[in-house]
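J.: Here you go, one structure.
The values are calculated or read from the model by the stated rules, or taken from the named source; none is laboratory data. Everything quoted here is computed from the prediction, not taken from an experiment. Note that we place each Cβ from the backbone using ideal geometry, even for glycine, and neighbour counts take in every protein chain shown.
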């Protein structure tokens, strides 16, 4: 009886061991499949490089970011995406566009994808008809950063704490930039300026400056139409009268008209701040670029 009992126990133990091994094998296979299905990197596509830089900082090692536009010689409003551009957008998990009708080609392409769309302008209520150069706005930068972080957490929920840490670090840098802008207001507050295009309007507003661009010229520029001869004359005359303390020049859109304006500014010793719409190659992130421009504004008034 004792021998029989021992035999039964051995058989039972062997069966239990086999069952445990089978369960363990099944669980391992399931976990392997889950790991295989999970994303190791989030594929992000940004329409313009300034937002691409923000997306990269917020995502760190968990994202791969591609910016469609990064050339200061190309006008984003008129950009025609290539087949390769559309292909990149179609494969994205997260798409970041500027919005406010600045890059309609990107917004249109994003609609046909399953990606999470972050519209920078829309995060702060900006829409078509508003000034579209929203990356110059501290408020829009912050709301866009938070929207991008939420998109990352949706795409990779297991890394939520990582993305929260990245977001906090980015906001720390933005706060440091805003402190510099606030300090710069000591020189820029109330200063009247004019612009060949309203590219940096949000930054100038954050600096407390007053836009004194002649209405006729400003209206033509906003409508992307040619200013009349009388508009140009009014502008050059205003530059000579001394009321305009700074000319902001978008060198990305230089032409015969802007040449007349910059010549008039130089003749009247009105300082000129040069800038572009797309982030220049010497900058790797949007905040460093905004920091440099803030310094350019204050230096021009020194």
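J.: Which one of 9, 4, 100, 76 is buried (at least 19 other Cβ atoms within 10 Å of the Cβ) and modelled with pLDDT under 85?
T.: Answer to the selection: 76.
J.: Something else about it: Give the residue that is farthest from the chain's Cα centre (by Cα), with candidates limited to residues of region 233-262 that are within 17 Å of residue 75 (Cβ to Cβ) and in a loop (DSSP other than H, G, I, E, B).
T.: So, considering only residues that are within 17 Å of residue 75 (Cβ to Cβ) and in a loop (DSSP other than H, G, I, E, B), the one farthest from the chain's Cα centre (by Cα) is 255.
J.: Here's something else I'd like to know. Of everything in region 263-280, what is assigned to a loop (DSSP other than H, G, I, E, B) and either assigned by TED's automatic domain parsing to the domain that holds residue 67 or at pLDDT 95 or above (or both)? Give them in sequence order.
T.: Of everything in region 263-280, those that are assigned to a loop (DSSP other than H, G, I, E, B) and either assigned by TED's automatic domain parsing to the domain that holds residue 67 or at pLDDT 95 or above (or both) turn out to be 268, 269, 270, 271.
J.: Residue 283 is checked against (1) surrounded by fewer than 19 Cβ atoms within 10 Å (Cβ to Cβ); (2) touching a helix residue (DSSP H, G or I) at 6+ places or on another chain (Cβ under 9 Å); (3) in a helix (DSSP H, G or I) and fails just one. What number does that condition carry?
T.: Only one criterion is unmet by residue 283, namely (3).
J.: Listed residues 28, 61; which is at pLDDT 95 or above, surrounded by fewer than 24 Cβ atoms within 10 Å (Cβ to Cβ) and out of contact with any strand residue (DSSP E or B) (no Cβ under 9 Å at 6 or more places or on another chain)?
T.: Going through 28, 61 in turn, just one is at pLDDT 95 or above, surrounded by fewer than 24 Cβ atoms within 10 Å (Cβ to Cβ) and out of contact with any strand residue (DSSP E or B) (no Cβ under 9 Å at 6 or more places or on another chain): 61.
J.: Among the listed residues 260, 180, identify the single one that is surrounded by fewer than 18 Cβ atoms within 10 Å (Cβ to Cβ), more than 27 Å from residue 139 (Cβ to Cβ), touching a helix residue (DSSP H, G or I) at 6+ places or on another chain (Cβ under 7 Å) and modelled with pLDDT of 95 or more.
T.: Just a single option satisfies the conditions, and that option is 260.
J.: State yes or no: is residue 204 surrounded by 12 or more Cβ atoms within 10 Å (Cβ to Cβ), outside any loop (DSSP other than H, G, I, E, B) and without any contact (Cβ under 8 Å) to a residue 24 or more places away in the chain?
T.: The answer is no for residue 204.
J.: Inside region 66-89, can you point out the residues that are in a strand (DSSP E or B) and without any contact (Cβ under 8 Å) to a residue 40 or more places away in the chain?
T.: 66, 67, 68
J.: Still on this structure: Which residue, of 106, 122, 92, is surrounded by fewer than 23 Cβ atoms within 10 Å (Cβ to Cβ) and either part of a helix (DSSP H, G or I) or touching a residue at least 12 places away in the same chain (Cβ under 8 Å) (or both)?
T.: 122
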